[in-house]
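The values are calculated or read from the model by the stated rules, or taken from the named source; none is laboratory data. Computed from a predicted structure; not experimentally measured. Don't worry about glycine lacking a Cβ; one is built from the backbone with ideal geometry, like all the others, and counts go over all protein chains shown. The protein model used for the area step is the full one, side chains on, heavy atoms only, and it has no ligands, DNA or RNA in it. Shrake-Rupley method; radii C 1.70, N 1.55, O 1.52, S 1.80 Å.
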Protein chains: 2
Amino acid sequence: MRLAEVVKLQNRALAYLTKADIAISPKEHREIEVADFGLNDIENIGLELVVYENNDRYCAKELVLFPRQICPEHRHPKLSESNIGKQETFRCRWGEVYLYVEGKRTRNPKAQVPDKYMKYFTVWHEIVLQPGDQYTLKPNTLHWFQAGDEGAIVSEFSSTSVDESDVFTDPHIKRLPAIE
Amino acid sequence: MRLAEVVKLQNRALAYLTKADIAISPKEHREIEVADFGLNDIENIGLELVVYENNDRYCAKELVLFPRQICPEHRHPKLSESNIGKQETFRCRWGEVYLYVEGKRTRNPKAQVPDKYMKYFTVWHEIVLQPGDQYTLKPNTLHWFQAGDEGAIVSEFSSTSVDESDVFTDPHIKRLPAIE
């Protein structure tokens, strides 16, 4: 993705944060991470992240999802004897988000996944999060999520984040910054 | 503090959260912790807390401070060989907060501490936090904070919270729920 495109998406993410009355600093605005997961299809598969803090004990981020944007299925593997994998809590701040985790498949789920990606989405136990709702995932379990028609803002509280160790179901995915 | 008074303060805290467009669930509303630190002077020394998540790895809370309310000076001591003390990040979401930490004393600080408590406030290095600003404290260092004239809402991201182990400068303080 070219820099101009990244800046455009950063500004679009800022507009959502502003709509939700969430203030970020100018530096945080410049550093919004635009994640396209190497698929070059940001409108369908992508995520915009403001990393507030990520230290060796805990991490806090704001996740911005444009309407129907999907964070693709992945898990946070065990990293060492003392780290059984990243644990995270998603708290919906604005909009609506459909979170899918391991467990009984939900009939008629609200998510809409483009056909070409469908085979890389294997867990379908649905949790609907509206503002004020939250869900804590077990470490090393598969999950993915999609914003509703209006988009969504989700606070992520977690143990230390090591994004590059995430394991994605889709083998084409590369979890690197989208910028060229 | 009597239950009716706690409920009144919980509702007052909810009004601040609503003003700041921060949604909490009905259960979280009922469970807002009103901390008067055993001093029975909540307008001066007190804090209202929504605990979103507190597990053995990380913690996230929303702190509500009424106008000029003070969270009194304390530190989070070393708890074990593997836990050097709670580490925390304060992020201002709404209003203004004056945070004081160890370091060079700030001349003409913005905080206003009632005379009778003054001797229990010993660190005066001031950090002013406005919406979008944040500060991460070193574990086991003294700190305290006061909201500005409009009150404040502060997100706290941290390692596991064990409030009852906090060490306060004022020996009269008891960090227990305010309810009788």
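Quick notes on this structure:
- Scanning the range B:20-53 for residues being among the polar types (S, T, N, Q) and under 14 Å from B:Val6 (Cβ atoms) gives a total of 1.
- Residue within the range A:90-99 that is away from every other protein chain (no Cβ under 14 Å), in contact with a helix residue (DSSP H, G or I) (Cβ under 7 Å, 6 or more places away or on another chain), under 25 Å from A:Val128 (Cβ atoms) and open to solvent by less than 30 Å² (accessible area, probe 1.4 Å) present: no
- Subset of the range B:28-43 that is within 14 Å of chain A (Cβ to nearest Cβ) and open to solvent by less than 30 Å² (accessible area, probe 1.4 Å) - its residue that is nearest to the chain's Cα centre (by Cα): B:Ile32
- Of all residues in the range B:122-145, those satisfying the criterion of being closer than 18 Å to A:Tyr52 by Cβ and among the hydroxyl-bearing types (Ser, Thr, Tyr) are B:Tyr135, B:Thr136.
- Test: residue in the range A:163-175 that is open to solvent by less than 10 Å² (accessible area, probe 1.4 Å) and out of contact with any helix residue (DSSP H, G or I) (no Cβ under 6 Å at 6 or more places or on another chain): no
- Residue ID - farthest from B:Tyr98 (Cα to Cα), chosen from residues in the range B:151-180 that are within 14 Å of another protein chain (Cβ to nearest Cβ) and of a type in the set (S, T, N, Q): B:Thr160
- Among residues of the range B:120-150, those that are more than 14 Å from chain A (Cβ to nearest Cβ) and either in a loop (DSSP other than H, G, I, E, B) or closer than 21 Å to B:Pro77 by Cβ (or both), counted: 11
- Residues of the range B:44-74 classified as within 14 Å of chain A (Cβ to nearest Cβ), in a loop (DSSP other than H, G, I, E, B) and open to solvent by less than 10 Å² (accessible area, probe 1.4 Å), total: 1
- Residue match in the range B:7-24 (condition: modelled with pLDDT under 95, open to solvent by 60 Å² or more (accessible area, probe 1.4 Å), of a type outside the set (A, V, I, L, M, F, W, C) and more than 14 Å from the chain's Cα centre (by Cα)): no
- Sole exception among (1) more than 14 Å from every other protein chain (Cβ to nearest Cβ); (2) buried (at least 20 other Cβ atoms within 10 Å of the Cβ) for A:Pro114, by number: (2)
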